[in-house]
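Reading through the C-alpha cells given below for one structure.
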Amino acid sequence: DKVRIINSARLQDEINKQEKFLGDDARIMVRVSGTENKIRVMCEGQDEDKCKYSAKEIEKAIVEINNLND
C-alpha cells in the first residue's frame, strides 16, 4: 500500500534525516506514482555521491516499511 508507506512516520523520519545530511544545496522529493504501483524518489544537489547515498537510504526505508506487512 503505497499511501500507507508514504504517510509512515518511519519514512518521514528518514527523509528529514537525509535532508539534514544534504544541507541547503540539495532537495529531495518522494511521491507516489499516479499510474503505477511505485514510489518515486528524487534527489538533486551539487554532490552526486551524497544524493545517491540519500536516495538509497530512503529506498531502504521504503522497502523496510513495505516488508512489515509481508
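Listed values, structure above:
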read-out	value
Residue pairs meeting the criteria (Cβ under 8 Å; at least 6 apart or on separate chains; first within 19 Å of N66 (Cβ to Cβ), in region 32-54; second part of a loop (DSSP other than H, G, I, E, B))	V32/K38; I39/S33; R40/S33
Residue satisfying all of: in region 36-70; under 11 Å from A26 (Cβ atoms) and in contact with an Asp or Glu (Cβ under 7 Å, 6 or more places away or on another chain); most open to solvent (accessible area, probe 1.4 Å) among these	Q46
Count of region 16-31 residues which are aliphatic (A, V, I, L, M), in contact with a Ser or Thr (Cβ under 9 Å, 6 or more places away or on another chain) and within 20 Å of I65 (Cα to Cα)	1
Some residue of region 1-8 being surrounded by 14 or more Cβ atoms within 10 Å (Cβ to Cβ), in a loop (DSSP other than H, G, I, E, B) and among the polar types (S, T, N, Q)	yes
Residue in region 9-35 that is farthest from E59 (Cα to Cα), counting only those that are open to solvent by less than 40 Å² (accessible area, probe 1.4 Å), of a type outside the set (G, A, S) and outside any strand (DSSP E or B)	L22
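The values are calculated or read from the model by the stated rules, or taken from the named source; none is laboratory data. This one's a predicted model, so the numbers in the text were calculated from it and none came from an experiment. Here Cβ is always computed from backbone atoms with ideal geometry, including for glycine, and neighbour counts include all displayed protein chains. For accessibility, only protein heavy atoms count, side chains too; no ligands or nucleic acids. Shrake-Rupley method; radii C 1.70, N 1.55, O 1.52, S 1.80 Å.
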